[in-house]
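Below is one structure, written out as structure tokens; the observations come after it.
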Amino acid sequence: MTSQEIIREFTQVARERGLEPALLLAVAELETALRPFAEVEGRREPLIRFEGHYFDRRLSPANREIARQANLASPRAGGIANPASQAARWQLLDRAARIDRKAAYESVSWGLGQVMGAHWDWLGYASVDALAAEARSGIGGQVRLMVRFIDKSGLSRALRDRDWKAFARGYNGPAFHRNAYDERLAAAYRRHAVATGANDKLEEPAIGASGEAVRRLQVDLGRVGFQLAADGMFGPATERAVRTMQQRSGLAPTGIACPRTMEAIAAGVPVPENSRTSVPRGIGLLNRLLARGFR
């Protein structure tokens with residue numbers, strides 16, 4: 001499976017849902033390094049992670065004792081280690097399923113987005129087997145499962161707005177900062193935006209973009225007080241100006257010129273003198289602002 005084939009599958013689902021492919025690619029990169037399949041006994045299967053503490057609390061008392069004795073269930077999160085290889089993880093799942101198939105499949109995170117099987121009813125699937133079948137159907141199925149979870153969790157707005165912290169908190173949990181999930185997600189998005197040509201389309205310019213739309217953005221930023229060279233190159237100075245504009249407008253300071261940021265710029269919110277960025281003199285000004293604690 002080539003990277004272009006993966007991008008094509010992501011793009012198709014993203015367009016169906018009105019999302020930018022680079023956003024979904026970034027999430028999947030953090031969850032599974034964009035690896036859609038593993039070889040398991042001669043067949044392709046989605047990547048899984050078995051959670052023994054989920055399994056433990058879904059079992060009857062009798063089955064719980066059997067599972068604990070077999071080292072398949074534990075009352076403690078992380079009490080059952082996942083094998084390094086996916087083939088061994090599928091073997092572990094098969095062993096658990098022989099005790100209680102439904103509980104076992106509910107205790108697995110499935111596919112590119114690592115969505116827990118326990119969410120099957122909440123996500124609108126007829127059964128946990130239906131959720132698993134979606135993940136096992138191919139890349140498109142795995143992406144649809146991930147997007148369904150994002151939508152149901154109310155995270156679509158945060159993802160579209162590039163509010164990385166809000167998305168990370170909802171998708172990765174309140175301790176997301178421990179593994180810098182938000183920062184890594186933003187970096188992954190920028191890479192995929194370039195790889196998929198999103199920055200070339202310039203619908204939402206970000207660092208590394210270039211062209212006429214970036215030049216127009218720089219001109220518009222100049223109208224509200226930023227002293228930028230309108231060179232059509234989205235470099236650090238332009239990114240700082242966009243972040244400052246977002247902060248002044250009450251938006252998440254992502255540094256990406258999303259539609260809401262463009263609306264704020266078009267509305268002409270003025271930027272105070274001590275917040276302006278110039279090129280090349282802006283470097284000295286930026287240092288002075290940073291010395292004052294400005295972010």
Q) So if we plug the beta-carbon distance of Gln91 and Met233 into 1/(1 + (r/R0)^6) with R0 = 51 Å, what FRET efficiency do we get, rounded to 0.05? A) 0.45
**Q.** Dipole magnitude of the chain, debye to nearest 20 (Cβ charges: Lys/Arg +1, Asp/Glu -1, about Cα centre)
**A.** 740
(Q) Could you report the chain's accessible area per residue, 1.4 Å probe, as an integer in Å²? (A) 47
Q) Against the longest alpha carbon principal axis of the chain, how many degrees, from 0 to 90 and to the nearest 10, is the axis of helix 86-99 turned? A) 50
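Would you mind putting 93-105, 47-59 in packing order, based on average other-beta-carbon counts within 10 Å, highest first?
Working: 93-105: 18.5, 47-59: 20.2.
Averaged packing, sorted descending, gives the order 47-59, 93-105.
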Q) Efficiency by 1/(1 + (r/R0)^6): what FRET value for His53 and Arg191, r their Cβ-Cβ distance, R0 = 35 Å, to the nearest 0.05? A) 0.55
Q. Can you give the angle from 0 to 90° between the axis of helix 212-223 and the longest principal axis of the chain, with both taken from C-alpha atoms, to the nearest 10?
A. 60
Q) Which value, in debye to the nearest 20, describes the size of the charge dipole of the range 104-178 about its Cα centre when Lys and Arg Cβ atoms bear +1, Asp and Glu Cβ atoms bear -1, and nothing else is charged? A) 380
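Ignoring ligands, DNA and RNA, please state the percent of accessible area on the range 1-79 from carbon and sulfur, probe 1.4 Å.
C and S atoms contribute 44 percent here.
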Q: Pop the C-beta distance of His177 and Asn82 into the FRET formula with R0 = 22 Å and round what comes out to the nearest 0.05.
A: 0.40
Q: Choose one of Leu30, Ile6, Tyr54: the residue whose Cα lies farthest towards the positive end of the charge dipole of the range 1-54 (beta-carbon charges +1 Lys, Arg; -1 Asp, Glu; about the Cα centre).
A: Ile6
Q) How large is the helix-only mean residue ellipticity at 222 nm for the chain, computed as the sum of -39500 (n - 2.57) over DSSP H runs with n ≥ 4, divided by its residue count, in deg cm²/dmol to the nearest 500? A) -16000 deg cm²/dmol
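So how strong a dipole does the range 87-223 carry about its Cα centre when Lys and Arg Cβ are +1 and Asp and Glu Cβ are -1, to the nearest 20 debye?
Numbers: 22 positive and 16 negative charges, 44 e Å.
Dipole about the Cα centre, nearest 20: 200 debye.
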Q. Expressed as an acute angle from 0 to 90° and rounded to the nearest 10, what is the orientation of the C-alpha long axis of helix 236-248 relative to the principal long axis of the chain?
A. 80
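Arranged from highest to lowest average of other beta-carbon atoms within 10 Å per residue, in what order do the peptides 21-31, 243-253 appear?
Numbers: 21-31: 23.4, 243-253: 18.5.
Descending mean neighbour count gives 21-31, 243-253.
The values are calculated or read from the model by the stated rules, or taken from the named source; none is laboratory data. For clarity, every value in this text was computed on a predicted model and none was experimentally measured. Counting neighbours? That spans all protein chains shown, and the Cβs are built from the backbone with ideal geometry, glycine included. These area figures cover heavy atoms from the full protein model, side chains too; ligands, DNA and RNA do not enter into them. Shrake-Rupley method; radii C 1.70, N 1.55, O 1.52, S 1.80 Å.
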